[in-house]
Amino acid sequence: MLGFIIGVIVALILSVLFMLFRIQTLVSLVKTAKSRVDSFNKLNAALMLIVPVIGFILFIWYSGVASQYYLPEPASEHGKMTDGMFWITIYVITAMFLLTNVLLFFFAFRYQYKEGYKASFFHDNTRLEIVWTIIPAAIMTWLVLYGNYIWWEIMKDPPKDAVVVELMGHQFAWKVRYPGKDNALGKYDFRLTDNVNEMGIDFEDKNANDDFMSGEIHIPVNHPILFKIRARDVLHSVFAPHFRLKMDAVPGMPTQFLFTPTKTTEQMRTELNNPKFNYEIACTEVCGRGHFAMRLIVIVEDEATYKKWYAAQKPFLENNPNYKGKGLNQYLKKNLAESQQNTKEKASLIP
Amino acid sequence: MAIETHTNVSHDVHGHAHHDGHHHHKETFITKYIFSEDHKMIAKQFLISGLIWAFIGGAMSIIFRLQLGFPDMNLSFLRPILGGWILETGKLDPEFYLALVTMHGTIMVFFVLTAGLSGTFSNFLIPLQIGARDMASGFMNMLSYWFFFVASLIMFFSIFLETGPASGGWVVYPPLSALPQAMPGSGLGMTMWLVSMALFIVSSLLGGINYITTVINMRTRGMSFSRLPLTIWAFFLTAIIGLLSFPVLFAAALLLIFDRSFGTSFYLSEIYIDGQALPNMGGSPILYQHLFWFLGHPEVYIVLLPALGITSEIIATNARKPIFGYRAMVMSMVAIGILSFIVWAHHMFVTGMNPFLGSIFMFLTLIIAVPSAVKAFNYITTLWRGNIIFTPAMLFSIGLVSVFISGGVTGIVLGNNALDIQLHDTYFVVAHFHIVMGSASFFGFMAGVYHWFPKMFGRMMDPNLGYLHFWLTFIGIYMVFFPMHYIGIAGFPRRYYSFTSFDAFKIFSDLNMFISAAAIITFAAQSIFAFNFIYSIFKGKKAPENPWLSNTLEWTTPRLPGHGNWEGDIPTVHRWAYDYSKPNADKDGFDDFIPQYVPLSKTPHSNLPHEQELAKFEQEEEQSNVNAQH
């Protein structure tokens, strides 16, 4: 019943609007046009000023309101650099945006149609063209050089003492592996993956013996960290907003990202006055149903706490001793034997 | 020399046209409205299909905006349309959310802004503005539409599959799109997406070859390249870009079809999914991204350049002023066209691509800002000291320049690889391309419809509804997309069904609600356009032959041009398209515009010095032609 009433009301409103429209069309037919423009030309011209001015006020007002949420507090060395550059770029482009939009809308208003006025036949000026080619070109060159410098600061080769953490994305979570006491990650192969050995670690490799998994990432503050990133099924992307860190996880092609965290989780908690604060990692490459919920917590702590935590972790093999010595060679041999057996069985079926 | 050969061609064509003219009454409904080979009818077919797609694509965005703005809302009322995609709890299915996002992108980019915009106006305007009776090949032109139509049908039906349409984002990156076990949308929906896109590419290529051939070969006498209206330059360059880049997407799609159906490993390597290790080894998902973006980035300009061309024409006409810097405009479009091919990897800064490539592509990307800036400055200078008439088309054109700038400047942030690390795949990107590519092209589309509607349908659209439509749309799109910058700077990733899983993204729920409300209002405002469009086709005021007092050739045709466009001879062109408000034109008996067909010898007072020279030459030519014919 309610639906029916709403339907009737909507139909009535629409028919009233249609009547109004018909009336205004008929009126405009009766009016003989003396001028080239209709009576709305002035209104449109006025709106060319009014709308952008209101828009500009809203822009300034909301930029103030939202400033508390801009780029989350940076917590990595390169993050401070990119943030600095980000704000400089924003100032430059805001200036360009304002200058050009102001001119555009002001001219639109100022040079609205006037009876008897003749537009200027100004259609070419090489000097002007050169000026406004060179100015943006110069600004771009500066931004390119500046950005390129920062880019290579970020993409530099990792130092030998970097703490290595391996991250693997899968539908729909992250797995984390540490190299253990020997500081060397063991090999892996996707064919060794199962429900327990979720990262497909090759335990024929001695380096893998002390590797351990973790449900969250622990890293020491002010120390270079190297994320070794891979994916098991589809593309994922590691995004740690506070560290200004993003790198895709690609099946079949390991990637990495080097950074140095500058603030411990505790420091951030006091700084932001939020005792529940945690560094988070999210997925930013669409990967399916659970894409929006691939959360991983990163805990940044001082060197001592980190070392203590690290030492307390039990290697994977200690928890799953039956995986000892299981690896790729064994897998391949078994596979080969099985397939040979299959071929024989098939062959025996042929008379 | 060139002029002489043109004479022959145009006379030949003219002869044929007369011949055709006698058979007009024999046209059946099918040859006239369905399998038409007339460029104007094909343009209208593209236009109407494009508009229908635009409403479907827009409606999809409203559904996912409901989810994003009002996450707790009970969407059961959508069950009659969406059925099982609305869960028992009254919430949208997360996989269908991704399907909607994917379809919205695909439809808007390809079916609305490529086929709808370029297909409509390239088809309609190229023969009319260069002075040709029709396209080089009317048959291929017809095929182009019908390939698009079949592609549309396949894409449309894929929406109704039980497993849903393709859902991996409009870029359909493998392995997600290659493995049906990764998500249901990667099953039959993805197959249909690929088949549909393959047919779409065929359609684009057939159209593109035709546009290029027509512009090169069929210009009327006197219509040299340097006298082409900027619309034609834009369509011409767009067609070239499309012809060079679409085949690469075709290759990408073909390899993906092979990986999906025939067990190859072009994009797949070392995958363990669904409890199973797949046999594929040695492929690279990055390869697909390179191939995709080799089309994907030029595609941005394929949708944008026609809009910019349309805008140039409309701004000059309604400012009653020549376009400022015609040569600079052409050169910047050529530069944009060339550069568009060598910037693609800026979509891939954080894919694990070699950082050295990141450096190179940042450099190339930021270069493209220069010709774009030149274009913006030229538009603004065209308005300076003009005598502006705010028709709905003019309003949309000025709106286009504004959004082109507003969306363009944020590209300077994103094109910088160091800054892109944080902003890649966040709402900042969504804001950027919806403003610079989506809105700007859409504004160009609307401007074109309002401006050329009188020539298409012989009737005027209601201007007052047009003004209302413009202001609601203009304010609306800024209200929808501008706030997304704030959300993006805060790090919100795109294609997220909900933001509740992360502490970092728990803010801004009010702003998301605002954006959704603005989107609904903006979308609703489009119904004003729909009404105006349909009503005016049948009941609009009858249009005069040249309602905007414009210089280009299409306005010399009858109110409703028939097959062959001009009843008599094709007009000869004697000047560029932008002789608006030329000094001393009144002494020659002209108002504030001198159409392209007016010989220079008829306007001795207003000719510029070099035109005076040309006028003499022109008269001699004319004389010798007359002599030759007698």
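The values are calculated or read from the model by the stated rules, or taken from the named source; none is laboratory data. None of the values given here were measured: they were computed from a predicted structure. Every residue, glycine as well, gets a Cβ built from its backbone with ideal geometry; the counts of neighbours run over all protein chains shown. Note: accessible area is taken over every heavy atom of the protein model, side chains too, but ligands, DNA and RNA are not part of it. Shrake-Rupley method; radii C 1.70, N 1.55, O 1.52, S 1.80 Å.
Classify region B:431-518 from the C-alpha gyration tensor, please: rounded if a/c falls under 1.5, else prolate or oblate depending on whether a/b exceeds b/c. Taking the square roots of the gyration eigenvalues as a ≥ b ≥ c, region B:431-518 is prolate. In the protein assembly as shown, the DSSP beta bridges split such that about 75 percent are antiparallel, to the nearest 5. Remark: mean inter-chain Cβ contacts per residue of B:323-334 equal 3, using a 10 Å Cβ-Cβ cutoff to other protein chain atoms. Rounded to a whole number, what is D in µm²/s for region A:50-165 from Stokes-Einstein with the Kirkwood radius over alpha-carbon pairs (25 °C, 0.890 mPa s)? Stokes-Einstein gives a translational diffusion coefficient of 130 µm²/s.
All other residues whose Cβ lies under 15 angstrom from that of A:Ile50 are scored, Lys and Arg at +1 and Asp and Glu at -1, for a net of +2.
Peptides B:62-75, B:300-313 ordered by packing proxy, namely the average of other Cβ atoms within 10 Å per residue, highest first: B:300-313, B:62-75.
Within region B:202-303, the proportion of Cα pairs with more than 17 Å between them is 62 percent. Between the helical axis of B:285-319 and the longest alpha-carbon principal axis of chain B there is an angle of about 40 degrees.
Put simply, the C-alpha atoms of region B:456-601 give a gyration tensor, and the ellipsoid matching it has half-axes of 49, 20, 14 Å, longest first. Expressed to the nearest 5 percent, the antiparallel share of DSSP beta bridges inside chain A is 70 percent. Structural size metrics of the protein assembly as shown, computed from C-alpha coordinates, are Rg and Dmax of 31.0, 105 Å. The residues neighbouring B:Gly352, those whose beta-carbon lies less than 13 Å from its own, together hold a net charge of +1 under the Lys/Arg +1, Asp/Glu -1 convention. Can you bin region B:68-120 into rounded, prolate or oblate? Criterion: square roots of the alpha carbon gyration tensor eigenvalues sorted a ≥ b ≥ c, rounded for a/c under 1.5, prolate for a/b above b/c, oblate for the rest. The shape class here is prolate. Evaluated at 37 °C with a viscosity of 0.692 mPa s, what Stokes-Einstein diffusion coefficient in µm²/s does chain B have when Rh comes from the Kirkwood expression over alpha-carbon pairs? Using the Kirkwood radius from Cα pairs, D works out to 127 µm²/s.
Both chains summed, the buried accessible area for B and A stands near 10400 Å², from protein heavy atoms and a 1.4 Å probe. Hey, any idea what % of region B:2-539's accessible area is carbon plus sulfur with a 1.4 Å probe? Carbon and sulfur atoms account for 72 percent of the accessible area of region B:2-539. Each label point was placed 7 Å from the Cα along the Cα-to-Cβ direction; for A:His223 and A:Tyr117 their separation is 7.1 nm.
Spread over its residues, the convex hull of the C-alpha atoms of region B:568-629 is 89 Å³ per residue. Taking every DSSP helix (H) stretch of at least 4 residues in the protein assembly as shown, weighting each as -39,500 (n - 2.57) and dividing the sum by the residue count yields a mean residue ellipticity at 222 nm of -19000 deg cm²/dmol.
Translational diffusion of region A:163-323, estimated by Stokes-Einstein from the Kirkwood radius over alpha carbon pairs at 25 °C in a medium of 0.890 mPa s, is 152 µm² per second.
How would you classify chain A from its alpha-carbon gyration tensor, with a ≥ b ≥ c the square roots of the eigenvalues: rounded for a/c under 1.5, else prolate if a/b is greater than b/c, otherwise oblate? In terms of gyration-tensor shape, prolate.
Rolling a 1.4 Å probe over the protein heavy atoms gives the protein assembly as shown an accessible area of 40 Å² per residue.
Surface composition of chain A: carbon plus sulfur atoms contribute 64% of the solvent-accessible area (1.4 Å probe, protein chains only, all chains present).
The mean number of partner chain beta-carbon atoms within 10 angstrom of a residue's beta-carbon across peptide B:477-489 is 3. Can you list the residues in region A:138-171 whose accessible area drops by at least 50 Å² when all protein chains are present, compared with the chain alone? Use a 1.4 Å probe, heavy atoms only. Buried by 50 Å² or more upon assembly, which counts only protein chains, are A:Met140, A:Val144, A:Trp151, A:Trp152.
Packing around the peptides A:318-327, A:118-127, taken as the average count of other Cβ atoms within 10 Å per residue, puts them in this order, highest first: A:118-127, A:318-327. Here the spin labels are modelled as points 7 Å beyond Cα on the Cα-Cβ line, and at B:Asn74 and B:Ile338 they lie 6.3 nm apart.
Among beta bridges from DSSP that stay inside region A:163-323, the antiparallel ones total about 70%.
Each label point was placed 7 Å from the Cα along the Cα-to-Cβ direction; for B:Met140 and B:Ala59 their separation is 3.6 nm. Per residue, the convex hull around the alpha carbon atoms of region A:39-112 comes to 72 Å³. Measuring how big region B:139-263 is from its alpha-carbon positions, Rg and Dmax come out at 18.1, 61 Å.
Normalised by the number of residues in chain A, the mean separation of alpha-carbon contacts (under 8 Å, six or more apart) gives a relative contact order of 16 percent.
Legend: mean number of C-beta atoms from other chains within 10 angstrom of residue C-beta atoms, peptide B:375-383, equals 6. Summing Lys and Arg as +1 and Asp and Glu as -1 over all other residues whose Cβ lies under 10 Å from the Cβ of B:Gly540 gives a net charge of +3. Ranked by the mean number of other Cβ atoms within 10 Å of their residues, highest first, the peptides B:209-215, A:20-26 come out as B:209-215, A:20-26. From the alpha carbon centroid of region B:410-426 to that of region A:180-227 is 32 Å. In this structure, the residue pairs whose Cα-Cα separation is over 32 Å, taken from B:Lys542/B:Lys616; A:Lys114/B:Lys375; A:Lys42/B:Lys602; B:Lys91/B:Lys539; B:Lys375/B:Lys616, are B:Lys542/B:Lys616; A:Lys42/B:Lys602; B:Lys91/B:Lys539; B:Lys375/B:Lys616.
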